[in-house]
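Asks: Quick one: the structure is below, and I'll ask about it shortly.
Rule-based calculations on the coordinates, nothing more; no lab input. Fair warning: this is a prediction, and the values are worked out from it, not measured in the lab. A quick note on method: Cβ atoms are made from the backbone with ideal geometry, for glycine too, and the neighbour counts reach across all protein chains shown.
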Amino acid sequence: MSNDKVYIKNRPATFEYAIEDRLTAGIILTGSEIKSVRNGKISFNDSYCLFLHDELWLKSLHIAEYVNSGYAGHEPTRERKLLLNKKELRKWQQKIKEKGLTIVPLAMFINENGFAKVEIGLGRGKKLHDKRETIKGREADREIKRHLKQ
């Protein structure tokens, strides 16, 4: 096990959604998938979570194929099951029934025990004016940091 920290953020998620709640969930991966995750070969483009038969699944998460996997490779965008306890699943399933809420992956990382984890968020889509406010705030922070360095 290496000491290299793997933490890959889904930056567009916090721009597109106002995150109301966060959870850390385990994820079921195959051997070649975990090797690709440890190499940081993940893309969150258009990925989201949905409930199927009272289980939470992660769709459209692209984990690149591991180069040395040979015949034991994996499909890069397959659906992957997220591991949460029943209480958390029921709570979020009720919240999802509200209009405008969705579950999006915010980050993927390897914890201190070597297990892959996904940070998911319960988000409400931002309107255009909300996105502009986010951009203004980011630029204001940059200006403040720039002036502090001088």
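Asks: Could you list, in sequence order, the residues of segment 86-128 that are touching a Ser or Thr at 6+ places or on another chain (Cβ under 9 Å) and free of Cβ contacts under 8 Å to residues at least 60 places away in the same chain?
Replies: I96, N111
Asks: Yes or no: R78 under 20 Å from N10 (Cα atoms), free of Cβ contacts under 8 Å to residues at least 40 places away in the same chain and touching a strand residue (DSSP E or B) at 6+ places or on another chain (Cβ under 9 Å)?
Replies: Yes.
Asks: Ok, one more. What's the number of the only condition in (1) surrounded by fewer than 13 Cβ atoms within 10 Å (Cβ to Cβ); (2) free of Cβ contacts under 8 Å to residues at least 60 places away in the same chain that L61 fails to meet?
Replies: Of (1) surrounded by fewer than 13 Cβ atoms within 10 Å (Cβ to Cβ); (2) free of Cβ contacts under 8 Å to residues at least 60 places away in the same chain, only one is false for L61: (1).
Asks: Quick one: L82 ticks every box in (1) assigned to a helix (DSSP H, G or I); (2) crowded, with 17+ Cβ neighbours inside 10 Å except a single one, so which number is it?
Replies: Failed condition: (1).
Asks: Further, regarding this structure: Considering segment 1-17 alone, what residues qualify as being among the hydrophobic types (A, V, I, L, M, F, W, C) and either within 15 Å of the chain's Cα centre (by Cα) or surrounded by 14 or more Cβ atoms within 10 Å (Cβ to Cβ) (or both)?
Replies: Scanning segment 1-17 gives V6, I8, A13, F15.
Asks: What do you reckon, is I144 among the aliphatic types (A, V, I, L, M) and over 17 Å from W57 (Cβ atoms)?
Replies: yes
Asks: Among the residues of segment 88-116, count how many are over 19 Å from L50 (Cβ atoms) and of a type outside the set (G, A, S).
Replies: Residues meeting the conditions: 6.
Asks: Tally up the residues in segment 21-60 that are within 11 Å of the chain's Cα centre (by Cα), part of a loop (DSSP other than H, G, I, E, B) and over 23 Å from K97 (Cα atoms), please.
Replies: So the answer is 2.
Asks: Looking only at segment 85-119, filter to residues that are among the β-branched types (V, I, T) and part of a strand (DSSP E or B); which one of those is nearest to P12 (Cα to Cα)?
Replies: V104
Asks: Same structure again: Going through G31, G40, G26 one at a time, which residue ends up being of a type in the set (G, A, S) and within 21 Å of E88 (Cβ to Cβ)?
Replies: G26
Asks: Would you point out the residue of segment 18-34, among those that are surrounded by fewer than 18 Cβ atoms within 10 Å (Cβ to Cβ) and free of Cβ contacts under 8 Å to residues at least 60 places away in the same chain, that is farthest from D130 (Cα to Cα)?
Replies: Only one residue tops the list, namely G31.
Asks: Looking only at segment 120-150, count how many residues are assigned to a loop (DSSP other than H, G, I, E, B) and over 18 Å from the mean Cα position of the chain (by Cα).
Replies: Looking only at that region, the number is 2.
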